[in-house]
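Accompanying notes for the structure given below.
The values are calculated or read from the model by the stated rules, or taken from the named source; none is laboratory data. Computed from a predicted model, the values in this text were never measured in an experiment. Heads up, the Cβs are rebuilt from the backbone with ideal geometry, glycines too, and the neighbour counts pull from every protein chain shown. The accessibility values were calculated without ligands, DNA or RNA, using every heavy atom of the protein model including side chains. Shrake-Rupley method; radii C 1.70, N 1.55, O 1.52, S 1.80 Å.
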Amino acid sequence: MSRVLVTGGVRSGKSAHAEALAGTSGEPVTYVAAGPSYDDADWAARIARHRSSRPAAWTTLETRDVAGVLGTAGRPVLVDCLGTWLQGLVDEADLWEAPSEEIHTAVGRACDAVVAAVAAATVDVVLVTNEVGLGLVPEHRSGRLFRDLLGEVNQRVAAVCDEVHLVVAGRILRL
């Protein structure tokens, strides 16, 4: 089994690359839409658009319980995306205005569970994330906080993956 983290900027082609990777075995894939608010019309439209482009045999789960899905998966899993997972996690716990230590502790615990699940997965896993080191981040507290938290999540997940792929303008660099 393989574990691959696919990272890149917004509209870089990272999700399309991840879908191609996840589909290489020919098996149906469990696609985890690990997003923020599922009652948001823009998010629902994005999920519907992505779902229509994937093979009909793939299953889409809209959940932030990435660790739970990985722990019970019997077929390849594609998680898209750790950035929206993080946003949803912080939103749900209403942590944006909390002291930094409290936020880092909560995110660290959730990240521990995801990292352990990725490391223990018995199926192929492809995870998509935003590369915050290359992107523009608003210079306000929540922008800096998001960048720092996602950077930490990315590094920790990458440490348990077999490969990391950076996608820029549709071009793939295997790191």
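Among Leu82, Leu70, Leu149, which one shows the highest mean-square fluctuation when the chain is modelled as a Gaussian network with alpha-carbon springs under 10 Å?
Leu149
Quick one: with all protein chains in place, what share of the accessible area of the stretch 45-175 is carbon or sulfur, to the nearest percent (1.4 Å probe)?
On the stretch 45-175, the fraction of accessible area on carbon and sulfur atoms equals 54 percent.
Of the residues Ala33, Ala106, Ala98, which exhibits the maximal mean-square fluctuation in a Gaussian network model of the chain defined by a 10 Å Cα contact cut-off?
Ranking Ala33, Ala106, Ala98 by mean-square fluctuation puts Ala98 first.
Which parts of the stretch 1-22 would a label at Glu163 reach, counting a residue when its backbone N lies under 14 Å from a point 7 Å out along Cα-to-Cβ?
1-7, 17-22
Taking the Cβ of His50 as the center, what net charge do the other residues with Cβ under 12 Å away carry, scoring Lys and Arg +1 and Asp and Glu -1?
Taking every other residue near His50 into account, the sum is +1.
Would you please give the residues with an amide H less than 5 Å from that of Thr60, counting only those at least 5 places away or on a separate chain, with H modeled from the backbone geometry?
Answer set, sorted by chain and number: Tyr31.
Express in Å², to the nearest 10, the accessible area of Trp58 obtained by rolling a 1.4 Å probe over the protein heavy atoms while all chains stay in place.
The accessible area of Trp58 comes to roughly 30 Å².
I'd like the orientation of helix 100-120 relative to the chain: the angle between its Cα long axis and the longest Cα principal axis, in ° from 0 to 90, rounded to 10.
That works out to roughly 20 degrees.
Determine which residues of the stretch 143-175 fall in the zone a paramagnetic label at Ser2 would reach in this model, i.e. backbone nitrogen under 18 Å from the point 7 Å along Cα→Cβ.
158-168, 171-175
Count the net charge of all other residues whose Cβ sits under 12 Å from the Cβ of Glu19, scoring Lys and Arg as +1 and Asp and Glu as -1.
After counting each charged neighbour, the total is +2.
Please list the radius of gyration and Dmax for the stretch 34-175, considering alpha-carbon atoms only, with Å as the unit.
15.3, 44
Taking Cα atoms of the stretch 1-115, Rg/Rh with Kirkwood Rh, to two decimals?
So for the stretch 1-115, dividing Rg by the Kirkwood Rh gives 0.97.
So what is the accessible area of the stretch 27-118 per residue, in Å², with the probe set to 1.4 Å?
46
Whole angstrom only: what separates the Cα centroid of the stretch 117-175 from the Cα centroid of the stretch 1-76?
15
How much net charge surrounds Ala120 when only the other residues with a Cβ under 13 Å from the Cβ of Ala120 are counted, with Lys and Arg +1 and Asp and Glu -1?
Local charge sum for Ala120: 0.
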